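See structure below.
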Amino acid sequence: MLMKIKLTIAVLTLFTVIFMAGCDKIDPPYINESGGGGGDDADVVQKVLLEDYTGHTCVNCPAAAKIASDLQKLYGEKLIVMAVHTGFFADPMQPPFDTDFRTNTGDKWRTDFSIVSYPSGMINRGLEGGRIAGKGQWASRVDAAMQETAKASLKIETNYTEANRQLALKIDSRFLQNASEKYLLQVCLVEDSIMAPQRNNDPSVGETPTITEYYHRHVLRKGVNGVNGETISSTSIVANETYTHEYNIPIDVAYNADRCSIIVFIYREANGEIVQVEEAHIK
């Protein structure tokens, strides 16, 4: 009898493993969902955006990228990183520095926020202690931003069709309290782990003076809904009402769709401060 029970358990276990393995394959179109647009307000998590302003000829930038990566390992999905290549150090030069990661969106932000030194960062574009932060301030600024109480939630649904490289986006914004001030929604396409040379002066990070096989992380590719986004509502914000925005965008054939994601954030029109951010892979 005992032998029969053990055999039954073994068969059921094997069947479960086979069944779960069979569930891993997902056929196109690829539908992905991230974030939380509903549920109990107490369950809404405050997430933080770290913008890393960088360039491939900036010798101090690989060390900053390492700090961002370490912070992301510490905070997990609560910290979202976006690398914005802009300014002199991002300009294409003679090979091997001929890759062009610049975007109209990134160039506009650099001007808007008066970013003049590299690497520079913004953490939720907060004003406390000055909006622009050097890499040595990132850890403390991120920790402080994590302590803020969430004012809104974001839910992203991506539907990617590989045959024509079209991405359909549905983004739901929900605020936890009424608000009379205006908020904007910014939608960005980013690509991860792009290999291209990077200048470097820190041997602890990689070879000097150039890391030949350097993986550029979280690279901003484009602003989906303009360089400054769009207004969420033309009237006062109503608590717990869902504000939906939908987009259909082509994914450039030069981008690796397997490594692309969408970053969405909500910010105050009055001072630019980000109140919530979310990220979802397109596949």
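Scanning the range 80-96 for residues that are closer than 30 Å to residue 150 by Cα and surrounded by fewer than 21 Cβ atoms within 10 Å (Cβ to Cβ) returns no hits. For residue 138, the conditions (1) surrounded by 21 or more Cβ atoms within 10 Å (Cβ to Cβ); (2) under 12 Å from residue 54 (Cα atoms) are fulfilled apart from (2). Considered as a group, the residues in the range 170-199 that are of a type outside the set (D, E, K, R) and touching an Asp or Glu at 6+ places or on another chain (Cβ under 7 Å) include one that is nearest to residue 46 (Cα to Cα), and that residue is 176. Applying the criterion of at least 2 residues that are of a type in the set (A, V, I, L, M) and at pLDDT 95 or above to the strands (runs of 3 or more DSSP E) found wholly in the range 177-274 leaves 183-191, 219-223, 260-268.
Here is a yes/no grid of residues against (1) more than 30 Å from residue 213 (Cβ to Cβ); (2) in contact (Cβ under 8 Å) with a residue 60 or more places away in the chain:
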| site | (1), (2) |
| --- | --- |
| 95 | no, no |
| 104 | no, yes |
| 107 | no, no |
| 111 | yes, no |
| 118 | no, yes |
| 128 | yes, no |
| 148 | yes, yes |
| 169 | yes, yes |
| 173 | yes, yes |
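In the range 242-267, the residues that are more than 21 Å from residue 46 (Cα to Cα) form Cβ pairs under 6 Å with partners that are among the small types (Gly, Ala, Ser), at six or more places apart or across chains, as follows: 248/168; 251/257; 259/193. The single condition from (1) within 24 Å of residue 164 (Cβ to Cβ); (2) surrounded by fewer than 17 Cβ atoms within 10 Å (Cβ to Cβ) that residue 262 fails is (2).
The values are calculated or read from the model by the stated rules, or taken from the named source; none is laboratory data. No experiment lies behind these values; they were computed from the predicted model shown. We place every Cβ from the backbone using ideal geometry, glycine too, and count neighbours over all the protein chains shown.
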